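Below: the structure, in structure tokens.
The values are calculated or read from the model by the stated rules, or taken from the named source; none is laboratory data. Not measured: the values here are computed from a predicted model. For neighbour counting, all protein chains shown are included, and Cβ atoms are generated from backbone atoms with ideal geometry for every residue, glycine included. Side chains are part of the model used for accessible areas, which takes the heavy atoms of the whole protein and leaves out ligands, DNA and RNA. Shrake-Rupley method; radii C 1.70, N 1.55, O 1.52, S 1.80 Å.
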Amino acid sequence: MSRVGIDDNENLESVRASETGRAELIAAQTECTFAFTTEAGWPAGVVMSYLFTRDRFWLTAAAGRAHVRGAVRDPRVTLVISNAGTALPGRRMVSIRGTATVHREASVKSWFYSEFAQHLAPDDPDAFAALLDSPERVVLEVEPVRVAVSHDSTKMPGDGRGGQVR
């Protein structure tokens, strides 16, 4: 019988991240890869900072950026989040499919800039919020549709690099 992480590294269903593990990862990380489709139909992605609140991912960019135009044209996007750069052990990741809405309304920008700045620049959130508040900036709201893929190497012997069963 094959054993995941010992003599089998093909069927990794048993090392998917749990709901708790995914929530821990989303809370610990501040960046994701925002994947979208270009006008020519190519998959593309950019690394963006995010805030997860109100059961949604919230991001921001200048309105003319390719990923904003892509979300307007086709709101189906994917966010990929890993634990790289966090204190979480192992190698963890989640890929979340979602539907993007591009907001230009002052009411959304007002609460978002404040909360986003508190999250990413707690030492001087007012300065960061002021920097974000530019005329052509938009807020992207991504409503999760489903978890496409996830992985948690801490569920594998040797943290997924081979080794003994613990």
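Touching a Gly at 6+ places or on another chain (Cβ under 9 Å), assigned to a strand (DSSP E or B), surrounded by 13 or more Cβ atoms within 10 Å (Cβ to Cβ) and modelled with pLDDT of 95 or more - does that describe any residue in segment 144-156? Within segment 144-156 (the criterion being touching a Gly at 6+ places or on another chain (Cβ under 9 Å), assigned to a strand (DSSP E or B), surrounded by 13 or more Cβ atoms within 10 Å (Cβ to Cβ) and modelled with pLDDT of 95 or more), the answer is yes, since at least one residue qualifies. Among residues of segment 85-113 that are at pLDDT 95 or above, those with a Cβ under 6 angstrom from a residue that is open to solvent by less than 30 Å² (accessible area, probe 1.4 Å) and assigned to a loop (DSSP other than H, G, I, E, B), sequence gap 6+ or separate chain, pair up as THR86/GLN29; VAL94/ALA17. The listed residues are VAL47, VAL72, and the only one of them that is more than 17 Å from VAL145 (Cβ to Cβ), part of a strand (DSSP E or B) and open to solvent by 50 Å² or more (accessible area, probe 1.4 Å) turns out to be VAL47.
Checked against (1) touching a residue at least 40 places away in the same chain (Cβ under 8 Å); (2) open to solvent by 50 Å² or more (accessible area, probe 1.4 Å); (3) assigned to a strand (DSSP E or B), VAL77 meets all criteria but (2). Residues that are among the charged types (D, E, K, R) and under 15 Å from the mean Cα position of the chain (by Cα) were ranked within segment 55-69; the one that is surrounded by the fewest Cβ atoms within 10 Å (Cβ to Cβ) is ASP55.
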